[in-house]
Every structure is written in structure tokens, then in C-alpha cells.
Amino acid sequence: QVQLVESGGGSVQPGGSLRLSCVASGSFFSITSMGWYRQSPGNQRELVATVISGGTTSSAASVKGRFTISSDNPKNTVYLQLNSLKPEDTAVYYCNGFTRGTEAESPHDYWGQGTQVTVSS
């Protein structure tokens, strides 16, 4: 089983910054990708940014230039740096990770419990 634990959420004013962290632990052979999603009340969960094992990143158009995803592979950790935050960034941010139990297995995805980010003046 794999556990993803997020940290770093909180409340900030518009224009502020936060850094989210997500650590993967448990039993797995490798991590193929990790990413961040968010969900605000009344809306579907949406992709924010992802990073694959080779280091290639991608992010949603709404956060490009403001949010940066990065990873520390030896620590099985993914980060999301949130800058120039806007009220519409308010949401619960979820960490997602795809791992392989063995080299031959297909990746299986796991989710963290979520961390609240609130942007308000």
C-alpha cells in the first residue's frame, strides 16, 4: 500500500505564496509520476500540474507562470510552489501519485487526503 501525505496549505492574502509538499511512503518499486489536483466547492477536481519520473513537467494554463511543480526523487516528494495567489485559487489541493508495485506491474494511482488553500483579503 502507498500513502501520500500533503502539507503546507493555509490561508494567505491575494498575491501571497505558499509551498505544498507531498511525501509518498509505503511499499512500491518506483514512482512513475506525481501531480497536484484541486477541487473547489461545486466544481470538479481539476489538474494543476504534474511531473513524470524523467523530470518533465506540465501545468494547467490557469496557473502557468504562477505555480511551479518540482520533485525530489530520493525523498519521494513532490512540491508545488504557489505564487501570486488569487482568490480563485482557493480549493482543496490533492496530491496524486502513480506507482508500480514491481517492475512488471502497470502503474496504480493513489491520492492524498488533501490540504486546504484559502486566498482571501
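The values are calculated or read from the model by the stated rules, or taken from the named source; none is laboratory data. What you see is a predicted model, and the numbers here were worked out from it, not measured in a lab. Virtual Cβ from ideal backbone geometry, glycine too; neighbours counted across all protein chains shown. SASA here: full protein model, heavy atoms, side chains in, ligands and nucleic acids out. Shrake-Rupley method; radii C 1.70, N 1.55, O 1.52, S 1.80 Å.
Put a dot 7 Å past the Cα of residue 60, heading toward its Cβ, do the same for residue 86, and the two dots end up 1.1 nm apart.
Share of carbon and sulfur in the accessible area of the chain stands at 47%, probe radius 1.4 Å. Stretching the chain fully between residue 109 and residue 39 yields a gain of 23.4 nm (0.36 nm per residue, less the alpha carbon separation). The simple spin-label model puts a point 7 Å past each Cα toward its Cβ; for residue 73 and residue 13 those points are separated by 4.1 nm.
Think of each Lys and Arg Cβ as +1 and each Asp and Glu Cβ as -1; about the Cα centre, that makes the dipole of the chain roughly 280 debye. Are there trypsin sites (Lys or Arg not before Pro) in segment 57-121 that DSSP puts in a loop and that have at most 13 other Cβ atoms within 10 Å, and which ones? Those that pass, being in a loop and sparsely packed, are 64. Its alpha carbons give segment 59-121 an Rg and a Dmax of 14.5, 50 Å.
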